[in-house]
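Peer 1: Below is a structure I'd like to ask you about.
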Amino acid sequence: MIRNRLIPVLLLKNGLLVRSEHFSTHQVIGNPLNEVARFNEWNVDELIYLDITRDGEYDLRRNDLRMSALTSPLDILTEVSKTCFMPLTWGGRIRSVEEMHCLFQRGADKVAINSEAVHRPALVTEAARAFGSQAIVVSIDVSDAGGQREVITNGGRVRTGLEPVAWARQVEQLGAGEVLLQHIERDGSGCGYDLELIQAVAASIKIPVIACSGVGKFSDYPKAIRAGAAAAAAANIWHFKELTDRHGKRAMAQDGILVREI
Amino acid sequence: MRKAGIVDYGMGNVASVFNALSAIGTDVCLINRPQMLCDVSHVILPGVGSFGDAMGLLRAGGWESALRQDVLDGGKPFLGICLGMQLLASKGTEHGQHSGLGWIPGDVILLDASDPCCRVPHIGWNEIEICSREGSYRSAASANPVFYFVHSFHFRPEDPSIVDGWCHHGVKFAASIRMRNIWAVQYHPEKSQRSGLTMLRDFMASEPRSHNT
């Protein structure tokens, strides 16, 4: 039987690792180059790196962060892939098949596209044709700030009017191989996944759903799987608890979820 | 002198196979001309993409005859990964019928998607039912090791006795095969963490074996 996956999401901003809250507050945690080897050793099933740097903000010279050796995202990817012997997904600010090609060459196994898929849905199809659906993840950010659930792009700033289930169905048709489902208000909140959203999306598409946003305790993971997700993902919890990999897998296994053990 | 050569014929992410072999201390290089086969003791054929495209590139690059001479006739240790396993078949059925390298009689067919619990492509970690520990599972730490799979098609050999590991996903299919010096795996050892690196170490320890030995 295929295993249910546990996936850390690592957020990069201006070349540094950050923790995020509501997609808007970002606290610097450290320099990823000091950490990648440790992340690659985790007993997890996959790694997702998302570069959430905003356009025009990237500046390797800034010194107000008191961190040395800020590194370009591509160099971080090269470094990560040297010791990453599990599937590696890279996302953030990807706009073209050429950019994806460059990421695959540097060792990414999958790419995650988000805003550009909304702006130009044909990109999903072009990417699936060039690299195969299994390599194309569409990341969907959902907000319910407007009273009902809506897809938001550009790191939580641009409303689209798209309904999440309808958009998930569309990206599946366009050729996406997986959906990474995030929720803006739950990001960094620790109040658990939006299980209703996960259930609605997972029931309406055949491709796997990676659930993210809201994890506060390890016991949140099995709930996402029960709601229909193929993988439980989280970001902040990985930086603020001890033995996050072991405890996370154990919480899933104790709830009767089939996971890979090492 | 052991040295691994990764056949770089234009299909797939050779970098991750290269990185995994480097990490276990293997002397490894990419080989982009068939003449370079004589510089290496172990040959690895990776591949991500479609069967017909890959065979086209192997033929155009002069690989088909060179690999046959070195591996099938010469007995040099060989590892096919994913599409690199499927290409050993006599026939592929992805986007029409294509003839393969034909080293091992059998065909490559689509996974059965009729079971709604078993989505196709088969993406993720799945366990192996080991039949023989003489090849890929010599040093496997578990009786049912788990590896990472990404594929829609699978190799169905005519002679099931060459299968040394099975996997279940809707159907029972060959996760790995071994015929003398020829090893092939449907999963990705380079992306299967510890179990994958262990398997690659075993491959690098394997010796040449021709018809006569």
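Peer 1: Scan segment A:159-173 for residues that are outside any helix (DSSP H, G or I) and either under 19 Å from the mean Cα position of the chain (by Cα) or without any contact (Cβ under 8 Å) to a residue 40 or more places away in the chain (or both) and report the count.
Peer 2: 3
Peer 1: Further question: For segment B:1-59, what are the residues that are within 14 Å of chain A (Cβ to nearest Cβ), touching a helix residue (DSSP H, G or I) at 6+ places or on another chain (Cβ under 9 Å) and in a helix (DSSP H, G or I)?
Peer 2: Selection gives B:A15, B:S16, B:V17, B:F18, B:N19, B:A20, B:L21, B:S22, B:A23, B:F51, B:A54.
Peer 1: Quick check on segment A:177-186: of everything there that is in a loop (DSSP other than H, G, I, E, B) and at pLDDT 95 or above, which residue is nearest to A:A122 (Cα to Cα)?
Peer 2: A:I184
Peer 1: Only residues that are within 14 Å of chain A (Cβ to nearest Cβ), assigned to a loop (DSSP other than H, G, I, E, B), touching a residue at least 40 places away in the same chain (Cβ under 8 Å) and touching a Pro at 6+ places or on another chain (Cβ under 8 Å): list them for segment B:112-150, please.
Peer 2: B:I128
Peer 1: In segment B:79-111, how many residues are touching a residue at least 12 places away in the same chain (Cβ under 8 Å), among the polar types (S, T, N, Q) and surrounded by fewer than 22 Cβ atoms within 10 Å (Cβ to Cβ)?
Peer 2: Within segment B:79-111, residues that are touching a residue at least 12 places away in the same chain (Cβ under 8 Å), among the polar types (S, T, N, Q) and surrounded by fewer than 22 Cβ atoms within 10 Å (Cβ to Cβ) number 3.
Peer 1: Just checking, does segment A:110-128 include any residue being within 12 Å of chain B (Cβ to nearest Cβ) and in a helix (DSSP H, G or I)?
Peer 2: yes
Peer 1: Just give me the residues in segment B:155-166 being part of a strand (DSSP E or B) and surrounded by fewer than 23 Cβ atoms within 10 Å (Cβ to Cβ), in sequence order.
Peer 2: Across segment B:155-166, the qualifying residues are B:R156, B:P157, B:V163, B:W166.
Peer 1: While we're on this one: Does A:D187 satisfy the condition of being crowded, with 19+ Cβ neighbours inside 10 Å, charged (D, E, K, R) and under 23 Å from A:L47 (Cβ atoms)?
Peer 2: Here the answer is yes, as A:D187 does meet what is asked.
Peer 1: Shifting gears a bit: Please find, within segment A:40-54, the residue that is surrounded by the fewest Cβ atoms within 10 Å (Cβ to Cβ) out of those that are in contact (Cβ under 8 Å) with a residue 60 or more places away in the chain and within 19 Å of A:H247 (Cβ to Cβ).
Peer 2: The qualifying residue surrounded by the fewest Cβ atoms within 10 Å (Cβ to Cβ) is A:N43.
Okay, residues lined up against (1) crowded, with 23+ Cβ neighbours inside 10 Å; (2) within 14 Å of chain B (Cβ to nearest Cβ); (3) in contact with a helix residue (DSSP H, G or I) (Cβ under 6 Å, 6 or more places away or on another chain); (4) not hydroxyl-bearing (S, T, Y):
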site	(1), (2), (3), (4)
A:V201	yes, no, yes, yes
A:I210	yes, yes, no, yes
A:I225	yes, yes, no, yes
A:F240	no, no, no, yes
A:L258	no, yes, no, yes
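The values are calculated or read from the model by the stated rules, or taken from the named source; none is laboratory data. On a predicted model such as this, the values are computed, not experimentally measured, just so you know. Note that each Cβ is placed from the backbone with ideal geometry, even for glycine, and that neighbours are counted across all protein chains shown.
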